[in-house]
Amino acid sequence: MSETTSKILITCANRNNPYLVRELEAMGFSIERNEKYNVSIQGTFEDTLRLNMHLRTANRVLYMIRGFKAHKPDVLYDELVRIPWEKYIYEDGYIHISSSVKNDFINDTRFANLKVKDAIVDRMVRQTGVRPDSGKDRARACLYLFWHNDNCAIYLDTSGETLAKHGYRKIPHSAPLIEALASSILSAANYDGQTTFVNPMCGSGTLAIEAALLAQNRSPGLNRENFSFMHFKNYRPDEWKKIKKEAEQNIDQNSKVKIIATDIDPEAIKKAKINASYAGVEKSIEWKVCDFRETPIPEGGGKIIFNPEYGERLGEIEELEEQYGQIGDFMKTHCDGYEGYIFTGNLDLAKKVGLRAKRRIEFYNARIDCRLLEYELYKGTKRTIDPDPAPSS
Ligand SMILES: C[S@@+](CC[C@H](N)C(=O)[O-])C[C@H]1O[C@@H](n2cnc3c(N)ncnc32)[C@H](O)[C@@H]1O
């Protein structure tokens with residue numbers, strides 16, 4: 001059963017899918033479909049273990065059990081009760097159901113979730129005489145229902161808790177980026193972990209930590225003990241052990257790549273160091289408490305990424321206008337040979353940088369429409385007023 005190839009749907013945040021596609025292709029998968037919130041491939045249940053171990057930009061890995069048509073809840077129940085759930089779910093197990101439902105037959109997704117739960121539990125009771133528990137806890141066997149119009153599919157949610165957090169316990173500072181977004185930003189900047197990476201205004205350190213994880217080839221799954229796939233009967237612990245061992249062997253602890261993270265706030269650096277130590281990369285990052293203009297910039301070029309405040313939740317717009325201009329000046333005068341980036345959710349402030357952006361890449365940070373602005377920095381970089389920083393590439 002576990003060798004069966006099926007559709008695997010990998011979900012992600014809006015606008016992260018180009019980077020998820022990149023990761024999947026690098027792992028050798030062919031892309032079947034690429035949509036706003038997910039990418040699908042074909043693979044086995046074992047493949048979902050590898051995906052959960054390695055993916056940096058994804059939210060969840062869903063393994064399809066069956067796809068069918070349903071035009072009312074009773075049909076959904078009838079289809080689901082025929083699936084041999086006793087092959088997947090432990091009699092004394094615990095299930096959590098989540099769903100995406102968009103149709104005229106149901107206006108409360110909780111009702112759809114209840115139908116799924118009833119069908120599974122009724123089947124299990126009929127076949128085994130025992131009823132598994134169910135509830136909100138994502139720490140055990142999770143199932144996912146997709147039901148748009150009359151297109152229905154039921155999946156094993158092999159991740160459970162989101163993969164967007166990379167397992168190192170994170171003490172947040174001001175407006176921290178979630179790890180999958182930080183990873184997507186690095187991918188959009190074409191950062192491959194081989195060149196110098198500088199992150200002034202590092203806050204809780206997410207970008208620098210993700211860069212260090214990349215430089216050392218440390219897979220995010222190594223930081224996590226529990227995944228939903230471990231709670232299905234088709235899980236083979238030996239398979240996971242093998243994947244884990246390989247991932248551990250692939251770590252390059254001798255990576256000499258320079259990664260520098262600075263912040264004006266000593267508390268930020270303190271927290272970022274703790275976060276980095278949970279991620280196993282504290283010693284691979286050079287830390288400094290300083291104004292961003294005192295950030296050391298090594299010779300030889302590399303990438304420098306700023307994620308200043310946007311004025312959305314923090315800070316005063318007027319002060320920030322001046323700061324964005326100073327960031328532009330700093331990049332122009334100190335970062336010769338680097339590719340410079342500013343990640344911001346305030347497009348008006350982006351205009352104050354005063355450098356011409358080569359690319360403007362669209363992202364969302366939660367619901368905030370954001371841009372990653374790319375600047376090529378070389379001696380004599382023109383300090384021009386960017387005529388039109390709003391449209392994206
Ligand atoms: C939006 S937060 C960065 C969040 C970060 N990317 C993360 O994931 O946690 C902006 C950071 O800029 C820092 N900051 C503000 N003004 C600064 C300055 N003049 N020099 C250096 N850092 C500054 C703040 O202390 C704050 O930690």
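What to note about this one:
- Using every pair of distinct Cα positions in the range 179-227, the Kirkwood expression returns a hydrodynamic radius of 11.4 angstrom.
- DSSP beta bridges in the chain [antiparallel fraction, %, rounded to 5]: 60 percent
- Among beta bridges that DSSP assigns inside the range 1-146, antiparallel share in %, nearest 5: 60 percent
- Hydrodynamic analysis of the range 1-151 uses the Kirkwood radius over alpha carbon pairs. Inserted into Stokes-Einstein at 20 °C and 1.002 mPa s, it gives a translational diffusion coefficient of 130 µm²/s.
- Applying 0.36 nm per residue to the separation of Lys270 and Ser100 and subtracting their alpha-carbon distance, the gain on full extension is 57.2 nm.
- Each of the peptides 42-50, 187-195 was scored by the mean count of other Cβ atoms within 10 Å over its residues; in descending order, highest first, they stand as 42-50, 187-195.
- Here Glu246 and Arg131 are evaluated by their C-beta separation; at R0 = 51 Å the FRET efficiency comes out at 0.85.
- Phi to ³J(HN,Hα) by Karplus 6.51 cos²θ - 1.76 cosθ + 1.60 over the range 91-105, Hz, x for Gly, Pro: 4, 9, x, 9, 10, 10, 10, 10, 7, 10, 10, 9, 6, 8, 8
- CD proxy at 222 nm, helix term only [per DSSP H run n ≥ 4: -39500 (n - 2.57); per residue of the chain; nearest 500]: -9500 deg cm²/dmol
- Pairs exceeding 29 Å between alpha-carbon atoms, taken from Lys87/Lys242; Lys69/Lys241; Lys242/Lys288; Lys170/Lys233; Lys283/Lys351: Lys69/Lys241; Lys242/Lys288; Lys170/Lys233; Lys283/Lys351.
- FRET efficiency estimate (nearest 0.05) - Cβ-Cβ, Ala139 to Arg110, R0 25 angstrom: 0.80
- When peptides 339-345, 361-367 are ranked by their average number of other Cβ atoms within 10 Å per residue, the highest-first order is 339-345, 361-367.
- Computed on the Cα trace of the chain, the radius of gyration divided by the Kirkwood hydrodynamic radius gives Rg/Rh = 1.03.
No value in this document is a laboratory result; all are computed from the given coordinates. Quantities reported herein were computed from a predicted structural model and do not represent experimental measurements. A quick note on method: Cβ atoms are made from the backbone with ideal geometry, for glycine too, and the neighbour counts reach across all protein chains shown.
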